[in-house]
Each structure stands twice: as structure tokens, then as C-alpha cells.
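Have a look at the structure below, then the notes.
Here, each number is a calculation from the coordinates, and none is a lab measurement. Predicted model only: the values in this text are computed from it and were never measured. Cβ sites come from the backbone with ideal geometry, for glycine too, and all protein chains shown count toward neighbours.
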Amino acid sequence: MPSGIGVTCFAGFKLGVTRGPQATALLHLGMEKVLDPVYTYMDYNWVALFIVGAFVLVVICLALAAVLRPHRPDFAKLTTYECGEQTIGSSWIRFNTRYYVIALMFLVFDVDVVFIFPWAVAFRMLTFGDTSLYFQPIGPAALWEMIAFLGILLVAWLYAYKRGALEWV
Amino acid sequence: MSVIEVVWMVAKILIVFVVLLLAMAYLTLVERRFVAWFQWRIGPNRVGPLGLIQPIADGVKLLFKQELIPAKADKFVYFLAPAISLIAAFAIISVIPITEHFYIADVNVAILLVLAISSLGTYGIIFAGWSSGSKYPLVSGLRACAQMISYELALGFAVIGVVLMAGTFSLREIVLGQEHIWYFIPQILGFIVFLIAGVAEANRAPFDMPECENELVAGYHTEYSAMKFAMFYLGEYVAVINVGMLATVLFLGGWHGPAIFGAGLIGLSNLFWFILKTCAVIFFFIWIRATLPRFRYDQLMRFGWMVLLPLALLNIIITAGIRAFIQ
């Protein structure tokens, strides 16, 4: 199930880019104070190196086991486990549609999470302003607008609840 | 990026890997001993003094075991599943700041990265369930997927409260912001939601629906044996350690000790506090595993959607309200 957060995050997953061309262009506009905290903490190359390390660990584990273990398959060992009964038919069968409903619900709410995260990060700046920002702070409106947004979300949640999408029996 | 920098980083990564693998191995022993004591048993104590060599004996045994891949399995996906689940569990640790100066990477969107990678871990489980070509793993994989995406929402919403307090996504800056007050005090509701959703994300009892042995044999890894099974096992315990470290970093003040103890030994006391808090959270996990009975699946889903999600949303609104009117 693709996660909204996952997609957003990996879209911005630039390996090794610490200061992109966009950053330099914006720096000329005199916004370095705004951008500096954003562009200095991007150690994505170390994250990538760490993931490579985990990959190497997996390869070592599997290769070592493949060299050491015995390999003597026979018919009974290769059947799937069904509590001792003979396996009947394929296991790739139709399953309950509720899983699709849950996946759809998840998608709706996950997209909302993606919208709320940037709001949460900028909330204090939006409300009280910041010396390095050019725009005027909007005060408590930052809160009211998010409450309106969450209210719409609440209607969606209530609708799903009334239609029984959240029930399992 | 100089050569020395790269060498130092490779050394740090090696240190983290070795410590993590040891911690994971001994976490299995600690958990078995604690659960045994909770249930008035003795637990594994035969291999070495106090059973201390047990994890190594287990590892060696799993290394030499025959591997049985079912004839009906989809071989490539079957092979991919444990690898994804282990790599995803490990990758999260790269952005967690252990002390102020010891961390692998300080990333400006660390929280989003953590959520993204942990949702990749779901793929490992659903791939395993589907590719085994067996019925129990299929049911388990579907259940696990529905459960993890449901609780991931509550987890994400609970974290937003912390982001509102700190005003940044960087985990290191979040800990730096907790110097005076640890966020679990103003964010008590978020902390509770985070812990419960964290238990469900790591597929631990009482939310271990995907592998409840009295319904689904062994869940999504029923058809896995030997090293591939060990990798799932490893991934699950690394996920437990991850949730412990994340709770420490986000809510329990990370490397900061209580103010009355002062700064202590330079650096080392920071490491001590971080490990102590992480162990406390992990002990809490073992404790509830030994204490609480398993949820039924419909109860589990209803709890996630009807209780945790509204609570987490309420927490966001309360936090934002307080932050908007108090300078």
C-alpha cells in the first residue's frame, strides 16, 4: 500500500545534494536566514550509506547460511503448511473487501497528514511572525484555518462511520 | 567531504551496527527471561551462566538449519520480503541522534523519513504473506497491512503534536528543544497515543494480530525457516528498539538527564540517559506483553479508528490552541 508520506518524502530524497541551484537562486534574494536551517541539515548521503550497510548485512547473513546449511528437499518438505492436511487449491484467492475500504480510508487520512505536517512546522512563524520573514504573520487565523480543514476531515470520518466502513463484523 | 570524515562515518556506522546486533540478540534473551518471571517460570538458563550464551546458540542453530521453500511460493518475492523488512527496520536508526554529537545523519525532515521508511516495512510483511503460497500467511499479511496502515495514521498525528512544540522536523533539534521541559509533560495525550500506536506498528502483543499463534499458526512467517526466519525475527526486535528510541527522542528528552543530576561526565552521562530511557520503554513493551491478553481483530481496528485517531486529532487542536495564544 503506497503511503502518501512515503511518496512525498522520497520525491525529495536527493542523494548528496547539500546546496542545490534553487537554494543559490533564493540566496540572492536575501533569504539566507530562512533557507540556511533547511539546507544545512541534509546528510542524506550518510543515510544512504547506512542503508547500504544494512543491505550488506542482509547479503552476508544469507550467503553465510547458504554456504553452511544442508540442502535435502523432498516432496513433503516442499508442501505448504496446513496443519497436516493435504493442501487444496491455490492460496491466491479472493479476500474480504473490507481491506480495500480500510486502504481507501487510509489514503484519505494519510494525504491529510501530509498537509498538516508543513503547517505544524511553520505554525509559530505563521502566528507570530519571524524577524527573518518578509510576510506579515496571520495570527490566530493559522489555527482557525486548520480547524476548518480538520472539520471537513471530521465530516468524512463521520460519513465513513455512518456507512459502517470502520466496523468489522 | 574529506577522507577522514568518510572513514569516521564508516567507523560510526560499524559501531552502531555491532551495538545494535548485540542489543537485538540480548533483547530476545531479556524478553524471554522477563516474560518467564512474570509468569512464575524460570526461562532459558542452561546455556552459559544465567543463560547468557543462549542468543549466540540460537543464532548458530538458525545458521545451520535446512531451508524449506514451499514449491508453491513466488521465489523472488519470497526472497525479497525478509530483506525489505530488515533493511527498513535498520534504516530508521540512521536519523536518530543518540547524543548531541554522536549520530549518523542529521536530516531536516527526519520525522518524515522515519514515517516513510517504517511504512516501507509494511511491504516486507505483505510480500511475505502473499508470496508464501499458503493460506495462513496470506490472511496474516492482509491483517498486518490493514493494522499497520491504520495505526500509522495515529502515530503520524501523535508526532504532529511534538512538531508543533518544536517547530522543526530534525530529531536533533527536537531533543535540543527539550532541554527545559520534556515533551511528554505538555504532550501527555500524544505520548500515550504514540506508545500504543508504536506497539501496534512493531506488531507486538497485545496487538500481534499478524502472528497470533492460536489462529494463524505463526502468521506471515509460517513458511519461512532458517536464516530468512531469523531475519524477520531480527527485524521485529530492531523495530522494538526503534520505537523505544523514537519515544525517547520525541517525548522523553533524548540525551538530557533530569536537571537535578547536572551535566555529569562529559558526553558519557548523555549516552547513559539515552540508553536508560530506551531500556525503560522497551521494558514497558515486555511488561504489557506479559500482562495483557491479545485483542480480537475487530476490536483492534475499532480501537485504532474510533479511539486513537480522534484522540490524536484532539491533541493537535489542543496543542495548536495553546501554542497560538501563549507567546
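Would you kindly give the portion of the calculated P(r) for the protein assembly as shown that falls above 35 Å, as a percent of all Cα pairs?
35 percent
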Separation between Cα centres of the range B:163-233 and the range B:1-48, rounded to whole Å: 18 Å
- request: Kindly list the residues of the range B:185-225 that lie in the label zone of B:PHE34, defined by a backbone N under 14 Å from the point 7 Å along the Cα-to-C-beta vector.
  value: B:199, B:204-206
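Given all pairs of different Cα atoms, what value in angstroms does the Kirkwood hydrodynamic radius of chain B take? If you can, show how the numbers build up before the last one.
Values: mean 1/r = 0.0480 Å⁻¹.
20.8 Å is the Kirkwood radius here.
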task: Go ahead and set up a Gaussian network model of chain B, Cα springs under 10 Å, then flag whichever of B:ALA110, B:ALA290, B:ALA36 fluctuates most.
output: B:ALA36
Values of log10 I(q)/I(0), in the order q = 0.14, 0.21 Å⁻¹, for the range A:94-169 under a Debye, Cα-only, solvent-free model: -0.60, -0.94
statement: Residue ranges of DSSP H helices in chain B that stretch 30 Å or more (Cα, own long axis) and have mean Kyte-Doolittle hydropathy of at least 1.6 are B:3-38, B:110-131
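What's the magnitude of the charge dipole for the protein assembly as shown around its Cα centre, counting Lys and Arg as +1 and Asp and Glu as -1 at the beta-carbon? Answer in Debye, nearest 20.
In total the dipole reaches around 920 debye.
For the pair A:ALA103 and B:ILE322, what calculated FRET efficiency results from E = 1/(1 + (r/R0)^6), where r is the Cβ-Cβ distance and R0 = 35 Å, to the nearest 0.05? Walk me through the numbers on the way to the answer.
Working: r = 35 Å, r/R0 = 0.99.
After rounding, the FRET efficiency stands at 0.50.
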field: Anisotropy class of the range B:14-156 from Cα gyration tensor, a/c 1.5 cut
entry: oblate
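Which order do the peptides B:275-288, A:52-65 come out in when sorted by mean C-beta neighbours inside 10 angstrom, highest first? Walk me through the numbers before you get to the answer.
Details: B:275-288: 17.5, A:52-65: 15.7.
The packing order, highest mean first, is B:275-288, A:52-65.
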task: Compare B:VAL18, B:VAL95, B:VAL249 in a GNM of chain B, Cα atoms joined below 10 Å, and give the one with the largest fluctuation.
output: B:VAL18
task: Give me the lysines in straight-line cross-link reach of B:LYS12: C-alpha distance below 25 Å, same-chain residues under 8 apart excluded.
output: A:LYS14, B:LYS277
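Indicate the gyration tensor shape class of the range B:1-79 (rounded, prolate or oblate), computed on the Cα atoms with a ≥ b ≥ c the square roots of the eigenvalues: a/c under 1.5 is rounded; otherwise a/b larger than b/c is prolate and the rest oblate. Before the final figure, lay out the partial values.
Working: a/c = 2.68, a/b = 1.23, b/c = 2.19.
Oblate shape, in that a/c is at least 1.5 and b/c is the bigger or equal ratio.
If you take the square roots of the eigenvalues of the alpha-carbon gyration tensor of the range B:207-327 and sort them as a ≥ b ≥ c, do you get rounded (a/c under 1.5), prolate (a/b over b/c) or oblate? Let's see the in-between values first.
Details: a/c = 2.83, a/b = 1.32, b/c = 2.14.
Oblate shape, in that a/c is at least 1.5 and b/c is the bigger or equal ratio.
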